[in-house]
Amino acid sequence: MVPIKSFLVALATLAWQSSASPLLYSRGANGTGFVFTNANGLNFTQMNHTLPNITIFATGGTIAGSDSSSTATTGYTSGAVGVRALIDAVPSMLDIANVAGVQTANVGSEDITSDILISLSKQINKLVCDDSTMAGAVVTHGTDTLEETAFFLDATVNCGKPVIIVGAMRPSTAISADGPFNLLESVTVAASTKAKNRGAMIVMNDRIASAYYTTKTNANTMDTFKAMEMGFLGEMISNTPFFFYPPVQPTGKKDFDISNVKEIPRVDILFSYEDMHNDTLYNAVESGAKGIVIAGAGAGGVTTSFNYAMEDVINRLGIPIIQSMRTVNGEVPLSDVESNSATHIASGYLNPQKSRILLGLLLAKSSNITEIASTFALNTNA
């Protein structure tokens, strides 16, 4: 009996031979062997000096998911496939770039931690930004918290090289799995000189989107990642990127150097609702939260009683509280939350999960409440 791994390798090789352009450069035996190892120990399946070098950093998620049923799009096991298998499954990417893989983690995105984020950012800065031979990076990720990792990388990887975050809404074993083509498009964008100086980007479902603003809008469908009001940066047609605009930075974006950061202080998100209980705020603080984000009703709204509790925590304990929104999109202007009795901070156009990442980074850099308020003020116009 042929081992399953050998069968998959043979299948990938057959698919490549039947669809790829003529072989013009060296590849490993059966398309799977390493032929080049660079100075940082990254193993490349090929080394064609006419193509850019891209490193894929795998963290797990649905794109690496697996299930016994080809129709299962829920209930599957996330992070069941390693980075090597992801690369082998898309041999066409070797027509686009020389590709190396790094297995940073292999978990569902709900298990991504701040330690993983710090490690991932430092890896990209070292292996891609600090290496003049590298063109860009691709990060494979589960979709549930993909936007948070993307926002973190957008803030902490600032060398101008493309950093593409990609996922899938269907596991690798599903019929018409979207992961392979998403991955191919992501490598293509990362290898494009037109993608430079645009910050981190999310590439899925033929769309190119800014990591700063993009959010997951549907729990199940493939057309889920959108920047509702801000729009997409570009799109993919026949695996060719077309950007609608020249490189530009989002209004209010702040860059962070985390080379000396070892941990991100705890920041909790609390959801606003009718008859909201104040003890949820005090419990979060007592449990160790150094900052709080409120997913407020409307434009950051909370009950009158909870507002008094927030002002007590701000004034007595000096803990910053960001008021964001529980709606899919919109703005929380400072004029809707400001007070003469405490330093209320509005999230502007940043949703709660992005506000949490930004606040955590500011706390990690020992920013005081005035500095935090000034940074968030850049994201609102009122």
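Each reported figure results from applying straightforward, stated rules to the coordinates on display, with no laboratory input. Keep in mind it's a predicted model, so treat the numbers as computed, not measured. With ideal geometry, Cβ positions are generated from the backbone for all residues, glycine too; neighbour counts draw on all protein chains shown.
Here is how the numbers come out for the structure above:
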{"quantity": "Between 0 and 90°, nearest 10: helix 352-364 axis offset from the chain longest Cα axis", "calculated": "80 degrees"}
{"quantity": "Gained length - V35 relative to S374, 0.36 nm times residue gap less alpha-carbon distance", "calculated": "117.0 nm"}
{"quantity": "Most mobile listed residue (V81, V187, V328) in the chain, GNM with C-alpha springs under 10 Å", "calculated": "V328"}
{"quantity": "Within a Gaussian network of the chain (alpha carbon springs, distance under 10 Å), most fluctuating of D131, D154, D178", "calculated": "D131"}
{"quantity": "Exposed GluC sites (Glu not before Pro) absent - longest run of the chain, DSSP non-H/G/I/E/B, at most 11 other C-beta within 10 Å", "calculated": "1-228"}
{"quantity": "The chain - Rg and Dmax from Cα coordinates, angstrom", "calculated": "22.0, 76"}
{"quantity": "Rg to Rh, two decimals, where the stretch 267-377 supplies the alpha carbon set and Rh follows Kirkwood", "calculated": "0.91"}
{"quantity": "Label-point separation in nm, N197 to C159, each point 7 Å along Cα→Cβ", "calculated": "1.8 nm"}
{"quantity": "Residue-averaged 222 nm ellipticity for the chain, from DSSP H runs of 4+ at -39500 (n - 2.57), nearest 500", "calculated": "-7500 deg cm²/dmol"}
{"quantity": "Cα centroid of the stretch 197-268 to Cα centroid of the stretch 276-290, whole Å", "calculated": "31 Å"}
{"quantity": "Estimated FRET transfer efficiency (T327, N43; beta-carbon r; R0 41 Å; 0.05)", "calculated": "0.35"}
{"quantity": "Order of T375, T104, T214 under a 10 Å beta carbon neighbour criterion, fewest first", "calculated": "T375, T104, T214"}
{"quantity": "Taking K216, K262, K254 and counting other C-beta atoms within 10 Å, the order from fewest to most", "calculated": "K262, K254, K216"}
{"quantity": "Cα long-axis angle, helix 146-156 against the chain (0 to 90 degrees, to the nearest 10)", "calculated": "80 degrees"}
{"quantity": "Amide H contacts of G348 (H built 1.01 Å from N, under 5 Å, at least 5 apart or other chain)", "calculated": "V332"}
{"quantity": "Likely footprinting exposure, H49, H277, H141, H344, fewest C-beta neighbours within 10 Å first", "calculated": "H49, H277, H344, H141"}
{"quantity": "Highest-fluctuation residue, T62, T343, T280 considered, GNM on the chain with Cα pairs under 10 Å", "calculated": "T280"}
{"quantity": "Amide H partners (placed H, <5 Å) of I269, local residues excluded", "calculated": "V293"}
{"quantity": "Whole-Å distance, taken between Cα centres, linking the stretch 293-343 and the stretch 166-185", "calculated": "39 Å"}
